[in-house]
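Undergrad: The structure follows.
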Amino acid sequence: MVRGLYTAWTGMRNEQKRLDVIANNVANAATTGFKTEYVTSQSFDDMLKIKVRDRSENYDRDEFIGKVTLGVKIGQEYTDYQQGSLRGTGNTYDLAIDGNGFFRMRVVDTAGNEHFRYTRAGNFTINSEGMVMDMDGNRLQGEGGDLIVPTDAADVAIDKNGAVYADGEFVDNIALTDFEDYKYLKKFADTMYEPVEGATEVEQPTGLIRQGYLEQSNVNVVRQMTNLIAITRAYEANQKVVQTMDSTLEQAANSVGRVS
């Protein structure tokens, strides 16, 4: 009976995590370059149901202690990297990647350490020194380092291959980066990613740059709301199990063994 309380509790905790993920997706439905996150559920490993072998057991086989339900746990958290739709803005420094790849950004942390992170969010601006940067001040990288555009340029054009021209003069190429397996990317904030050990860069990214466009999030709001309803019902079902178990335990404690 107490095991039933535990099983219901794991279900409630699991649904709460799924709810948090969906809430974050919906909140970022209008965030440029945001990618939908998902979480899966799975039962606890069968190994947890196997009795630990001691000298009283045979070493050549596993002894099951019986059919038990040990609840549910979070299986896997993953990101859907499918491209979002492109929305035209006409702004010079609004850039979208059509296809695979990421913009490379130079990030300086609070300790002053510099490193690279990658993003699909291309809503850039230019500062007084001509550096192209995102809303947080992270600097867009070209093949020669920080992308710097002359501040007095009347016309800045960026072609599909990332070549930047200021008043017809070549400035630099925007450095796109892609990876063989996105499982080796760690997410930071809402739209930033950083490679971890095992990540391998693709030699020639195939994505094309579209100037004057922004990539929208790939969040399907209708699907997210449908999942939200299913999660709410599952949470309520587990909650009712807890209430039922609690009521049964109360009856057992107060009534069983009572002398009439």
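The values are calculated or read from the model by the stated rules, or taken from the named source; none is laboratory data. Remember, predicted model here, so these are calculated numbers, not experimental data. Note: ideal-geometry Cβ built from the backbone for every residue, glycine included; neighbour counts use all protein chains shown.
Undergrad: Can you tell me which residue within the range 21-42, out of those that are under 25 Å from Ala96 (Cα atoms) and among the polar types (S, T, N, Q), is surrounded by the most Cβ atoms within 10 Å (Cβ to Cβ)?
TA: Filtering the range 21-42 for residues that are under 25 Å from Ala96 (Cα atoms) and among the polar types (S, T, N, Q), the one surrounded by the most Cβ atoms within 10 Å (Cβ to Cβ) comes out as Asn25.
Undergrad: In this structure, does Met225 turn out to be more than 25 Å from the chain's Cα centre (by Cα), in a helix (DSSP H, G or I) and surrounded by 11 or more Cβ atoms within 10 Å (Cβ to Cβ)?
TA: The answer is no for Met225.
Undergrad: Quick one: which strands (runs of 3 or more DSSP E) sit completely within the range 107-205 and have at least 1 residues that are among the aliphatic types (A, V, I, L, M) and over 28 Å from Ala29 (Cβ atoms)?
TA: Of the strands (runs of 3 or more DSSP E) lying wholly inside the range 107-205, those with at least 1 residues that are among the aliphatic types (A, V, I, L, M) and over 28 Å from Ala29 (Cβ atoms) span 156-158, 163-166, 169-173.
Undergrad: Have a look at Gly144, Gly198 and point out the one that is on the phi > 0 side of the Ramachandran plot and either basic (Lys, Arg) or surrounded by fewer than 18 Cβ atoms within 10 Å (Cβ to Cβ) (or both).
TA: Selected residue: Gly198, the only one of Gly144, Gly198 that is on the phi > 0 side of the Ramachandran plot and either basic (Lys, Arg) or surrounded by fewer than 18 Cβ atoms within 10 Å (Cβ to Cβ) (or both).
Undergrad: Continuing with this model, one more query. Scan the range 145-163 and give yes if some residue there is touching a residue at least 60 places away in the same chain (Cβ under 8 Å) and either aliphatic (A, V, I, L, M) or outside the structural domain of Val107 (by TED's automatic domain parsing) (or both), otherwise no.
TA: Yes, some residue in the range 145-163 is touching a residue at least 60 places away in the same chain (Cβ under 8 Å) and either aliphatic (A, V, I, L, M) or outside the structural domain of Val107 (by TED's automatic domain parsing) (or both).
Undergrad: Shifting gears a bit: For Ala111, all conditions in the list (1) modelled with pLDDT under 95; (2) loosely packed, with under 13 Cβ neighbours inside 10 Å; (3) touching a strand residue (DSSP E or B) at 6+ places or on another chain (Cβ under 6 Å); (4) not charged (D, E, K, R) hold save one; what is the number of the exception?
TA: Unmet for Ala111, out of (1) modelled with pLDDT under 95; (2) loosely packed, with under 13 Cβ neighbours inside 10 Å; (3) touching a strand residue (DSSP E or B) at 6+ places or on another chain (Cβ under 6 Å); (4) not charged (D, E, K, R): (3).
Undergrad: Does Arg18 meet the test of being surrounded by 12 or more Cβ atoms within 10 Å (Cβ to Cβ) and modelled with pLDDT under 55?
TA: No: the conditions fail for Arg18.
Undergrad: Residues to consider are Asn218, Asn238, Asn173, Asn227; find the one that is touching a Gly at 6+ places or on another chain (Cβ under 8 Å), closer than 22 Å to Gln76 by Cβ and at pLDDT 90 or above.
TA: Asn218
Undergrad: Under the condition of being on the phi > 0 side of the Ramachandran plot and without any contact (Cβ under 8 Å) to a residue 40 or more places away in the chain, which residue from the range 95-130 is nearest to the chain's Cα centre (by Cα)?
TA: Gly112
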